[in-house]
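What follows draws every value from the coordinates through simple rules; no lab data is involved. Remember, predicted model here, so these are calculated numbers, not experimental data. A quick note on method: Cβ atoms are made from the backbone with ideal geometry, for glycine too, and the neighbour counts reach across all protein chains shown.
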Amino acid sequence: MRKSILLSFVIVLAGIATVTAEAVTVGKSVPVKLNEFNVLPAKQGARAGKVTFVVKNVGKVEHEFVVLKTIKPAGSLTSHGGEASEAGNVGELASVKPGEQKKLTLTLKAGHYSLLCNLPGHYKAGQFVDFYVR
């Protein structure tokens with residue numbers, strides 16, 4: 001009985017490790033789509049070091065792309081009038097017009113990050129996502 005439980009536990013852990021490994025991009029490029037009102041990275045994380053976000057606005061209005069290093073979940077950042085606090089800002093693209101694609105290359109340390117659009121009302125409308133660097 002104990003061997004069955006132990007084997008089941010090992011199988012579950014192996015499955016978790018596989019999902020986690022697949023959730024982190026192997027390359028150093030992370031495609032990200034912005035629309036009303038989402039931030040949609042192709043992967044939810046990357047490896048520590050130089051990371052290039054390839055950001056495309058597939059929406060109908062202008063957006064921005066902000067990368068914050070924080071321990072708080074992306075939806076729990078202190079909001080001021082519908083905008084998130086930008087404490088921990090490690091880089092951003094100030095304006096990404098509809099149909100436009102831009103690149104942002106940053107050197108990221110391991111940890112939790114929030115990717116968001118902080119134009120007035122966009123964060124409050126839910127345009128944010130958690131991102132992990134390992």
- line: Counting all Cα-Cα pairs in the range 47-125, those more than 21 Å apart amount in percent to 28 percent
Projected label distance in nm at I71 and K124, using a 7 Å step from Cα toward the beta-carbon: 2.9 nm
query: Sorting H112, H80, H122 on the 10 Å Cβ count, fewest up front, what's the list?
result: H80, H112, H122
task: Calculate one ³J(HN,Hα) per residue across the range 98-113 by plugging θ = phi - 60° into the Karplus curve 6.51 cos²θ - 1.76 cosθ + 1.60, and present them in order as whole Hz with x for glycine and proline.
output: x, x, 7, 10, 9, 10, 10, 9, 10, 9, 10, 8, 4, x, 9, 10
task: Read phi for every residue in the range 66-71 and hand back ³J(HN,Hα) as whole Hz from Karplus 6.51 cos²θ - 1.76 cosθ + 1.60, θ = phi - 60°, with x for Gly and Pro.
output: 10, 10, 10, 8, 7, 8
- prompt: Say each of S79 and E100 gets a label point 7 Å from the Cα, pointing the same way as Cα to Cβ; how far apart are those two points in nm?
  reply: 2.6 nm
